[in-house]
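Down below is the structure, laid out as structure tokens.
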Amino acid sequence: DTAVPTQLPEQIPSSTPSLTPSQTPTLEKINAICSPLQGIELKDLHSITSQAYKAPSPFLDDGHPAVDLAFFTFEGLPSMLGHPVQAIFPGKVSMVVDDRFPYGHMILIETPMEMLPEGMFPPGVLPTPIPAENIALFDPCAQNPLFKDLPSIQMDLQHRSVYSLYSHLKDKPAFDVGDLVSCGQTIGSVGITGNSVAEHLHLEIRIGPSSARFDTFAMYQPDVTAEERYNYCIWSTSGRFQAIDPARLWEDQS
């Protein structure tokens, strides 16, 4: 995706983020999400949304299953480049990708559904799981001969988790798979890596089976491996990981 930030008024200068994970955050239940951008309140995210969510079609890699947050200036902030990115939910690092197309530098964080209180998601936000028989019929990943010899991705189909993906980051996040992250913890900084023509944060949230481990994924480039294509296919088009609109989570902020 590409972001075309719009000129906005002026804020506090951003500090250089520390990308070192904090001591050992514990996964505690929360009552509200945290802002994905340090020093910018949830109520202000609407005004810096450069590309809104557009629901993808079932089993297709289309639409825009995320929100892009971008600005040239905002309340005294001279640039978004290098601005600290924060985890909106507590969770466990599921994947860290080192500058692969289309996401660039990115981090994926899993939060088990039971960690989030009832009422966290507004009505109509959570998708109805696609029946297993429909996935078996229409999943393009299972039907692609390129993937027939690849091992299946291990995941817990009996439980559901929220997966938060933060991409186009300036540098590879300094985390390892399995690290615990607290709500509001700095996890990276805004960059222009991957499929991006201007600095912005691509925030993508999907609901899917728990304990999924992709290792890495990528798409749309000649050097992408079959494994990367398969993992991306499972994430984006298999029907197992269904996108939701992140902006619905802060729509009532004022």
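The table for this structure:
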| read-out | value |
| --- | --- |
| Solvent-accessible area, 1.4 Å probe, carbon plus sulfur percent, for region 103-171 | 56 |
| Summed side-chain charge close to E199 - residues other than E199 whose Cβ falls under 12 Å, Lys, Arg +1, Asp, Glu -1 | 0 |
| Full-extension gain in nm, T73 to D223, via 0.36 nm per residue minus C-alpha separation | 50.4 nm |
| Per-pair calculated FRET efficiency, R0 = 22 Å: R248 and K54 via Cβ, rounded to 0.05 | 0.95 |
| Rounded FRET efficiency, nearest 0.05, which uses the C-beta distance separating K43 from F101 and R0 of 45 Å | 0.85 |
| Region 80-162: trypsin sites (Lys or Arg not before Pro) falling in loop per DSSP and having at most 12 other Cβ within 10 Å | K148 |
| Helix-only mean residue ellipticity at 222 nm for the chain, each DSSP H run of n ≥ 4 adding -39500 (n - 2.57), per residue, nearest 500 | -2500 deg cm²/dmol |
| For the chain, accessible area per residue (1.4 Å probe, heavy atoms of protein chains only), Å² | 45 |
| Over region 93-214: Rg over Rh, Cα atoms, Kirkwood Rh | 0.99 |
| Inter-probe distance in nm under a simple model that places probes 7 Å from Cα toward Cβ, at L157 and A136 | 0.8 |
| For region 23-171: relative contact order, % (alpha-carbon pairs under 8 angstrom, 6 or more apart) | 25 |
| Dipole magnitude (debye, nearest 20) for region 160-254, charges at Cβ of Lys, Arg, Asp, Glu | 240 |
| Total formal charge among the other residues, if their Cβ is under 15 angstrom from that of A32, Lys/Arg +1 and Asp/Glu -1 | -2 |
| Hull shadow area, averaged, region 171-254 [alpha-carbon convex hull, nm²] | 7.5 |
| Cα-Cα separations in the chain greater than 22 Å, expressed as whole percent | 52 |
| Sum of side-chain charges, V190 neighbourhood, beta-carbon under 12 Å (Lys, Arg +1; Asp, Glu -1) | -2 |
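The values are calculated or read from the model by the stated rules, or taken from the named source; none is laboratory data. Note that the structure is predicted; figures quoted are calculated from it, not measured. Note that we place each Cβ from the backbone using ideal geometry, even for glycine, and neighbour counts take in every protein chain shown. We work out accessible area using only protein heavy atoms, side chains counted, and drop any ligands, DNA or RNA first. Shrake-Rupley method; radii C 1.70, N 1.55, O 1.52, S 1.80 Å.
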